[in-house]
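Read-outs: derived from the displayed coordinates by stated rules, not from any lab. Remember, it's a predicted structure, so these values are computed and weren't measured experimentally. Here Cβ is always computed from backbone atoms with ideal geometry, including for glycine, and neighbour counts include all displayed protein chains.
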């Protein structure tokens, strides 16, 4: 599987469903930024399978809740209609969240699994997203690996969703998961890309590329250099620092900015456009 080149922003705190003015401004910023992929942080799933976007309930008991009654679906539809953002993903996990522990419990029973399918069905039918960005905090145990594999296949098989990952931890654990997904999908890889936050050290990217390339079992990934997308956390990033970071990595390759606080879209839109130009240079 060959992954298309993409330039992504992983952003938090976007599209408050009650604030039409702020949402319109964010749409304008994203549409003119140059980035073609947006990951929205973040979804969480509660013990009863209720799905939240940040702290706003989206779906419970197979029915729409606050988020989906507000302007959020309209914002996403408008954003994609412009054609500037080609793909929109919901992010699940990352940070210190326990989302995947909750998901493991739900997936362990037929009742929990059916509740997840019902609620995700409502979500994807109301919001025109292209997929999910899954970022488990740990993949050290068999249960954690099986949860990622099962969730990936559930979202892809039931709803045709694309899947990307937030890579962290041990590369061999990810090899186990990617091999399991490949086997579980009739020897076709579901995963589109793995996003890897890299410090100012290209050896980190090389380590992950070599690790997946050398993995003992088939992964269904034609080129791990295409599959692994290097990125940088926004934080206190400046244009000069980002340019120095970009110069450490292959030119004309995919790349991303991780902006968990959403500060680039909300407060620094000109910086966001500058960062895209640096990625493309």
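Ordered by packing density, taken as the mean number of other Cβ atoms within 10 Å over each peptide's residues, highest first, how do 232-244, 126-138, 178-190 rank?
Averaged packing, sorted descending, gives the order 126-138, 178-190, 232-244.
With a cut-off of 19 Å, note down the residues of the range 46-67 whose backbone N falls inside the zone around a label point 7 Å from the Cα of residue 19 toward its beta carbon.
Flagged as within label range: 53-58, 66-67.
Mean residue ellipticity at 222 nm from the helices of the chain, using -39,500 (n - 2.57) per DSSP H segment of n ≥ 4 over the full residue count, to the nearest 500 deg cm²/dmol?
The per-residue figure over the chain is -13000 deg cm²/dmol.
Give me the distance in nm between label points sitting 7 Å out from Cα along the Cα-to-Cβ direction at residue 28 and residue 261, one decimal.
Modelled inter-label distance: 2.4 nm.
Find the relative contact order for the chain and round it to a whole percent, using C-alpha pairs within less than 8 Å whose residues are 6+ positions apart.
22
Which FRET efficiency value, to the nearest 0.05, do you get for residue 78 and residue 216 by plugging their Cβ-Cβ distance into 1/(1 + (r/R0)^6) with R0 = 45 Å?
Efficiency, from the Cβ-Cβ distance: 0.45.
Using the Cα atoms of the range 186-281, I'd like the radius of gyration and the largest Cα-Cα distance, Dmax, both in angstrom.
15.0, 46
By average Cβ neighbour count within 10 Å, what is the ranking of 259-269, 18-28 from highest down?
259-269, 18-28
Run the numbers for residue 236 and residue 138: contour at 0.36 nm per residue of separation, minus the present Cα-Cα distance, in nm.
32.6 nm
Between residue 251 and residue 170, take the C-beta separation as r, use R0 = 35 Å, and let me know the FRET efficiency to the nearest 0.05.
0.75
For residue 63 and residue 113 in one chain, what is 0.36 nm times their gap in residues minus the Cα-Cα distance, to one decimal in nm?
Extra length available between residue 63 and residue 113 comes to 16.4 nm.
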